[in-house]
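This report refers to the structure that appears directly beneath it.
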Amino acid sequence: MKLQKINENTFNLRGKLKDMSDYSELKSLLEKKRKRGELEVIFNIPNAKEINLYILGYWLKLAKKNNFNFIIYIENSYLYNNFLKLGLHKFLKVINGSME
C-alpha cells in the first residue's frame with residue numbers, strides 16, 4: 001500500500017491493502033489523529049479489490065467506540081459491493097466513485 005496525504009484529513013490509499021504492515025501504518029496514523037481529537041478522515045481507494053480484515057475491524061472499532069467519522073471513496077465496484085454486502089456502509093460513509 002502507498003499512503004498519499006492530500007491534506008490534513010484526506011488520504012489516497014493506493015495498491016493492495018492486504019499486509020499487516022498496511023494495518024500497522026494505518027493504525028498508527030489514525031491513533032495519532034484520535035489522540036489529537038481529530039475524529040474525521042477521508043480515504044480515496046482507487047484500485048484495491050480487497051482490504052485486510054484487520055484494517056476493516058479497526059475502522060469499525062473507531063467508528064463505533066470512538067465516534068470516528070470515515071468517508072471512503074471506492075472506485076472498484078467489486079470492493080464497493082463487498083462493503084455493502086458486509087453492512088459496512090451502516091458505520092462508515094461509503095461512496096461509489098472517485099473523490100475528483
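The values are calculated or read from the model by the stated rules, or taken from the named source; none is laboratory data. All of these numbers come straight from a predicted model, not from anything done at the bench. Here Cβ is always computed from backbone atoms with ideal geometry, including for glycine, and neighbour counts include all displayed protein chains. When the accessible area is computed, the model is the full protein with side chains, heavy atoms only, and any ligands, DNA or RNA have been set aside. Shrake-Rupley method; radii C 1.70, N 1.55, O 1.52, S 1.80 Å.
Which of the residues that make up the range 1-19 are open to solvent by 40 Å² or more (accessible area, probe 1.4 Å) and under 20 Å from F83 (Cα atoms)?
M1, R14, K16, K18, D19
State all residues of the range 55-90 that are open to solvent by 70 Å² or more (accessible area, probe 1.4 Å) and within 22 Å of S24 (Cβ to Cβ); if no residue qualifies, say none.
Once the filter is applied, which keeps residues that are open to solvent by 70 Å² or more (accessible area, probe 1.4 Å) and within 22 Å of S24 (Cβ to Cβ), the range 55-90 yields K61, K64, K65.
Show the residue pairs that are 6+ apart or on different chains and have beta-carbon atoms under 7 Å apart, the first residue being within the range 23-41 and open to solvent by 70 Å² or more (accessible area, probe 1.4 Å), the second being among the aromatic types (F, W, Y).
Taking only residues 6 or more apart or on different chains, the pairs are K27/Y58; R34/F68.
For the subset of the range 91-100 comprising residues that are part of a loop (DSSP other than H, G, I, E, B) and open to solvent by less than 70 Å² (accessible area, probe 1.4 Å), which member is modelled with the lowest pLDDT?
M99
Filter the strands (runs of 3 or more DSSP E) completely within the range 1-71 down to those with at least 2 residues that are under 19 Å from S98 (Cβ atoms), modelled with pLDDT under 95 and of a type in the set (F, W, Y).
Qualifying strands (runs of 3 or more DSSP E): none found.
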